[in-house]
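> This structure is in structure tokens; I'll ask about it shortly.
The values are calculated or read from the model by the stated rules, or taken from the named source; none is laboratory data. No experiment lies behind these values; they were computed from the predicted model shown. We place every Cβ from the backbone using ideal geometry, glycine too, and count neighbours over all the protein chains shown.
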Amino acid sequence: MLRVENLGVWFGGREVHIHAVKEVSFQVTTGSSFGLIGESGSGKSTILRAIVGLIRNLSGEIEIDGSQLCVARSKDFYKAVQMVFQDPYGSLHPRQTVDRVLAETLHLHEFTDSEKRIQKLLDDVGLGQEFRFRYPHQLSGGQRQRVSIARALAPEPRLLLLDEPTSALDVSVQAEILNLLSDLRESRGLTYLLVSHDIPVVAHMCDVVGFMKHGKLVETVSTAELRRGNMLHDYSRDLLLASGYEYKSQPGPLSEFNQQ
Amino acid sequence: MTLLKVEDLQVRFPTHNGVVDAVKGVSFTLGRERLGLVGESGSGKTAIGRAILRLIRPPGEISANRISLGDSDLLTMSEREFGQVRGRQISMVLQDARYSLNPVLSVGEQISEAFLSHSRISKSDAFIRSLDLLRSVSISNAERVLSAYPHELSGGMAQRIMIAMMVAPQPQILIADEPTSALDVSVQRKVLRLIDDLVKDRGMGLLFISHDLNLVSEYCDRIMVMYRGAIVDECRANELNRAVHPYTQGLLKCMPRFESPVQRLQTLDRDPSWGIGSDSIEKIDHVTS
Amino acid sequence: MATVYELLDWLQSDQPSSRTQARVSAAYKLCILLGKNRLAMFGILIIACLVLISCFAPVIAPMDPYSQNLQARLSPPLTEGHLLGTDSLGRDILSRLIYGSRITLLVVALVIAIAPVFGLLIGTVAGYVGGWVDSFLMGLTDIFLAFPRLVLALAFVAAVGAGIENAVLAISLTAWPPYARIARAETLTIRSSEFIAAIKLQGARPLRIVVLHVWPLCISSLIVRVTLDMAGIILTAAGLGFLGLGAQPPSPEWGAMISEGRRFILDSWWVATFPGLAIFFVSLGFNLLGDGLRDVIDPKAHKS
């Protein structure tokens, strides 16, 4: 489905380069779900932005379904690949209703039966019709994220790029959104590329996981191996350790104060 | 030993659509312990921390039967007297320290300023004390950090400096409002350990406000769970998995578990009766007394 | 009564059920917020009066503003038939003020139609496209900003000839650069936001993004700024009239009226005073409205 070969991304002018991503290669097979884990600044979101063409300074190859992408992405590309952004507050236009957002997306992709499609999209992402004419400020964070997902689904893509889709949400809402994403993947046969700093979320959602550090893809393992802790690279192990899933709570060292 | 006692604290914000009850009659005590206050966004957890320090801005209103620190009543104090409490006896650490530091002054200037305003010492003494302070929060290249400006610091470094400044006047109580949410996991651990050491060494009381139930259960001695402005559950941290309230249980279950994979996550069915009614408050009285 | 409550419910609903309702209720909420601001309402009252007076000028005005009566020249206020007195040619000042409101309103409307639109276009294009286009357009803006406002307007009018239309053009010429700067600054922040990235991913062309997505967000701060500037624009128009470069006699433009009255200011104070008061009140009205609008619709003011 997606093949990234030797991808490099840099920021800055001609003289001063900052390499945000260096020599990253990975493949995502059709129907699978690939996760990228890394701390802030590791370049994981940059990879997604490079794939969809929001960043133009890149080297290396990106292939979708065996055909290599040229610099300017075509309409067909955006029909096949869509993205859900991290910040549910920033990814919706503050002056546009849900209806307007979806209608415009459908219009740009030249669908004619947008009335029917908007209704179906809202149902599919678990928002009722009563949300259709609301402005973003009348929605909660989870509902906004559902709108973002509906917008990404509108052109009927096959590959969905998810950039920390739940990191700004409460855990109870996160569970709802993650379930929604799993259901959609099943019902629509989608392929996911998920970026997150949260190892349990990635382990829950993905089949294969890549660890990013300082712009490089350090290691790629299957989720089963990850659960067993079979990582080759120290960094991946440290990250797992830091996430606290080997950290067992001890009786509070302050308890002696309480007994005084 | 009880340091802080809060009884029936209420925080209200009038808006043009009516009054919003951010905190509805919360009571608790804080001793020399690490008390975790957990809740989702909008549950009123931050409002509690701010209300204790009288940092709720008008038109927000605070009312309570009692807020006392040791023997002194914080409710009836004048604003002037309260100035002696805020920052000296009760300190607060916020989420992103880089926004709490003044962007146009170097770190050294800000720390020395705090020393100079609190006690009569010379500038060079203040500088030496600032160095010691940074070293106390295990910043190795303290000289360089002192001459840096806030935007040149990493989030973790800025948070350490903030913690150092807050703990310097030897307060009895530290309120930490999501002190690590803006940090990467690896840095998070270090900052938490730092707070822990400081609190332990000085025998302070810590009110740790967070949205992360896992983190709080590992880190704190006692946990209070907030929902819609009320404390719905309270227990010792190591007994969290025996928590009775369906909200707490729901929160625990809806997190993806690394060790035990599931196909679908459980979601939380919110019962409208949670967080209202007096039974929850009674239960808390029962636990604390 | 029931229908009134239903209408209010419909307007205040947080769950609008149609496009129209969503739009109307958003507008209604803005109006409610604005309505709570007493000073802004006073400003609106002044401007509404101005509009009504200029619409019904022929009905309200007691006399023809151009008819001269040299026998009654410079009669003081409250003389019979001349509530506010007469000027040096015996024309009724009240009638001239009433007709003059039409000219003021025309100037305001024309400047609104030209300057902010032009500024918005230049600013958003510069901000969105960036690169050398940005440098060029902002350089141009800086050149216009470097001239003192009245001097640039004077030079323009002197070059193309005096008259109210040219005065409007001259004012617009000096008024657009600040709007371009504001629009560019706003565009720079909007450009990097995720909702713009999201619409790019739907394959939208830059022109569409600028017009449909960037403009609506720039417009609110521009409206505020234009309203606040309106006082200055009216004063500039009056100033040009005063210098004889704006509206030409005998048209009852307020600035030109002050200019005429200047000669008699010591003996017949009313000739210059009443048009001056009219300018003062209209400027005040726009300023109050602008302040109120800023509180309500400028997103940045909300955060503080």
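Let's see how each residue does on (1) of a type outside the set (A, V, I, L, M, F, W, C); (2) away from chain C (no Cβ under 14 Å); (3) out of contact with any Asp or Glu (no Cβ under 8 Å at 6 or more places or on another chain); (4) assigned to a helix (DSSP H, G or I):
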{"residue": "A:SER42", "(1), (2), (3), (4)": "yes, yes, yes, no"}
{"residue": "A:SER45", "(1), (2), (3), (4)": "yes, no, no, yes"}
{"residue": "A:LEU48", "(1), (2), (3), (4)": "no, no, no, yes"}
{"residue": "A:GLU61", "(1), (2), (3), (4)": "yes, yes, no, no"}
{"residue": "A:ASP87", "(1), (2), (3), (4)": "yes, no, no, no"}
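> Then there's this: Would you check which residues across the range C:13-24 are more than 9 Å from chain A (Cβ to nearest Cβ) and under 10 Å from A:GLN138 (Cβ atoms) and list them?
Scanning the range C:13-24 gives a single hit, C:SER13.
> Go through the residues of the range C:108-117 one by one and say whether even a single one is more than 24 Å from the chain's Cα centre (by Cα), farther than 20 Å from C:PRO216 by Cα and not acidic (Asp, Glu).
If we filter the range C:108-117 for residues that are more than 24 Å from the chain's Cα centre (by Cα), which is where we start, we get none.
No: zero hits.
> In the range B:140-197, what residues are away from chain A (no Cβ under 14 Å), more than 26 Å from B:PHE127 (Cβ to Cβ) and hydrophobic (A, V, I, L, M, F, W, C)?
B:ILE175, B:ALA176
> Does the range C:219-232 include one or more residues that are of a type in the set (S, T, N, Q) and away from every other protein chain (no Cβ under 14 Å)?
The first filter runs over the range C:219-232 and keeps only residues of a type in the set (S, T, N, Q), leaving C:220-221, C:227.
Going one step further and asking which of them are away from every other protein chain (no Cβ under 14 Å), we end up with C:227.
Within the range C:219-232 (the criterion being of a type in the set (S, T, N, Q) and away from every other protein chain (no Cβ under 14 Å)), the answer is yes, since at least one residue qualifies.
> Can you list the strands (runs of 3 or more DSSP E) found entirely within the range A:161-223 that contain at least 2 residues being more than 25 Å from A:GLY53 (Cα to Cα)? Outline the logic, then answer.
On the way: elements: A:191-196, A:208-213, A:216-222.
Because the criterion is at least 2 residues that are more than 25 Å from A:GLY53 (Cα to Cα), the strands (runs of 3 or more DSSP E) in the range A:161-223 that meet it are A:216-222.
> Still on this model: Scanning for something touching a residue at least 24 places away in the same chain (Cβ under 8 Å), polar (S, T, N, Q) and surrounded by fewer than 22 Cβ atoms within 10 Å (Cβ to Cβ), does the range B:229-245 turn up at least one residue?
No: the range B:229-245 contains no residue that is touching a residue at least 24 places away in the same chain (Cβ under 8 Å), polar (S, T, N, Q) and surrounded by fewer than 22 Cβ atoms within 10 Å (Cβ to Cβ).
> Taking the conditions exactly as written (part of a loop (DSSP other than H, G, I, E, B) and either among the charged types (D, E, K, R) or within 11 Å of chain B (Cβ to nearest Cβ) (or both)), does A:ARG134 satisfy them or not?
Working: part of a loop (DSSP other than H, G, I, E, B): yes; either among the charged types (D, E, K, R) or within 11 Å of chain B (Cβ to nearest Cβ) (or both): yes.
Considered against the rule, which asks whether it is part of a loop (DSSP other than H, G, I, E, B) and either among the charged types (D, E, K, R) or within 11 Å of chain B (Cβ to nearest Cβ) (or both), A:ARG134 comes out as yes.
> If we only count helices (runs of 4 or more DSSP H) wholly inside the range B:22-124, which ones have 1 or more residues that are in contact (Cβ under 8 Å) with a residue 60 or more places away in the chain? Break it down into steps so the answer makes sense when it comes.
Details: elements: B:45-52, B:79-85, B:97-100, B:107-118.
Because the criterion is at least 1 residues that are in contact (Cβ under 8 Å) with a residue 60 or more places away in the chain, the helices (runs of 4 or more DSSP H) in the range B:22-124 that meet it are B:45-52, B:97-100.
> It is to be established whether one or more residues within the range B:176-185 are more than 30 Å from A:ILE37 (Cα to Cα) and surrounded by fewer than 23 Cβ atoms within 10 Å (Cβ to Cβ). Show your work before the answer.
Pass one, the range B:176-185, residues more than 30 Å from A:ILE37 (Cα to Cα): none.
No; the residues of the range B:176-185 include none that is more than 30 Å from A:ILE37 (Cα to Cα) and surrounded by fewer than 23 Cβ atoms within 10 Å (Cβ to Cβ).
> What pairs come up if the first residue lies in the range A:6-17 and is loosely packed, with under 10 Cβ neighbours inside 10 Å, the second is at pLDDT below 90, and their beta carbons are under 8 Å apart, counting only those six or more places apart or on different chains?
The qualifying pairs do not exist here.
> So, one more: Of the residues in the range B:209-264, how many are of a type in the set (D, E, K, R) and under 27 Å from A:MET205 (Cα atoms)?
So the first thing to find is which residues in the range B:209-264 are of a type in the set (D, E, K, R), and the list is B:212, B:218, B:221-222, B:228, B:233-234, B:236, B:239, B:242, B:253, B:257, B:259, B:264.
Imposing the further condition that a residue be under 27 Å from A:MET205 (Cα atoms) reduces the set to B:212, B:218, B:253, B:257, B:259, B:264.
Within the range B:209-264, residues that are of a type in the set (D, E, K, R) and under 27 Å from A:MET205 (Cα atoms) number 6.
> Right, something else. What's the number of the condition C:LEU207 fails, among (1) among the aliphatic types (A, V, I, L, M); (2) under 24 Å from the mean Cα position of the chain (by Cα); (3) at pLDDT 90 or above?
C:LEU207 satisfies all of (1) among the aliphatic types (A, V, I, L, M); (2) under 24 Å from the mean Cα position of the chain (by Cα); (3) at pLDDT 90 or above except (2).
> Do we find that C:SER101 is polar (S, T, N, Q) and over 15 Å from the mean Cα position of the chain (by Cα) in this structure? Step through it out loud before you land on a result.
Working: polar (S, T, N, Q): yes; over 15 Å from the mean Cα position of the chain (by Cα): no.
No: the conditions fail for C:SER101.
> May I pose another question? Assuming B:GLN95 fulfils every condition listed in (1) in the same structural domain as B:PHE13 (by TED's automatic domain parsing); (2) under 20 Å from B:LEU215 (Cα atoms) apart from one, which condition is it?
(1)
> For the range A:30-42, which residues satisfy the criterion of being out of contact with any Ser or Thr (no Cβ under 9 Å at 6 or more places or on another chain) and surrounded by fewer than 23 Cβ atoms within 10 Å (Cβ to Cβ)?
A:SER40, A:GLY41
> Suppose we keep only residues that are of a type in the set (Gly, Ala, Ser) and over 10 Å from B:GLU33 (Cα atoms) within the range B:186-213. Which one would you say is surrounded by the fewest Cβ atoms within 10 Å (Cβ to Cβ)? Can you show your working first?
We begin by selecting, within the range B:186-213, every residue of a type in the set (Gly, Ala, Ser); these are B:186, B:203, B:205, B:210.
If we keep only those that are over 10 Å from B:GLU33 (Cα atoms) as well, we get B:186, B:210.
Working: B:SER186: 15, B:SER210: 22.
Filtering first and then ranking leaves B:SER186.
> Can you name the condition, by its number, that C:SER268 falls short on among (1) at pLDDT 85 or above; (2) under 26 Å from C:GLY161 (Cα atoms); (3) assigned to a loop (DSSP other than H, G, I, E, B)?
Unmet for C:SER268, out of (1) at pLDDT 85 or above; (2) under 26 Å from C:GLY161 (Cα atoms); (3) assigned to a loop (DSSP other than H, G, I, E, B): (2).
> Something else now. Could you say whether any residue in the range C:40-59 is within 24 Å of C:MET230 (Cβ to Cβ), touching a residue at least 12 places away in the same chain (Cβ under 8 Å) and polar (S, T, N, Q)?
Yes, the conditions are met somewhere in the range C:40-59.
> Also, I was wondering about something else. Name the single residue, out of those in the range C:161-178 being free of Cβ contacts under 8 Å to residues at least 60 places away in the same chain and of a type in the set (A, V, I, L, M, F, W, C), that is surrounded by the most Cβ atoms within 10 Å (Cβ to Cβ).
C:LEU173
> Quick one: is A:GLN145 in a helix (DSSP H, G or I), within 14 Å of chain B (Cβ to nearest Cβ) and in contact (Cβ under 8 Å) with a residue 40 or more places away in the chain? Give the derivation first.
Working: in a helix (DSSP H, G or I): yes; within 14 Å of chain B (Cβ to nearest Cβ): yes; in contact (Cβ under 8 Å) with a residue 40 or more places away in the chain: yes.
Yes, satisfied.
> To continue, here is another question. Limited to the range A:209-219, what total is found for residues that are surrounded by fewer than 20 Cβ atoms within 10 Å (Cβ to Cβ) and touching a residue at least 60 places away in the same chain (Cβ under 8 Å)?
Looking only at that region, the number is 2.
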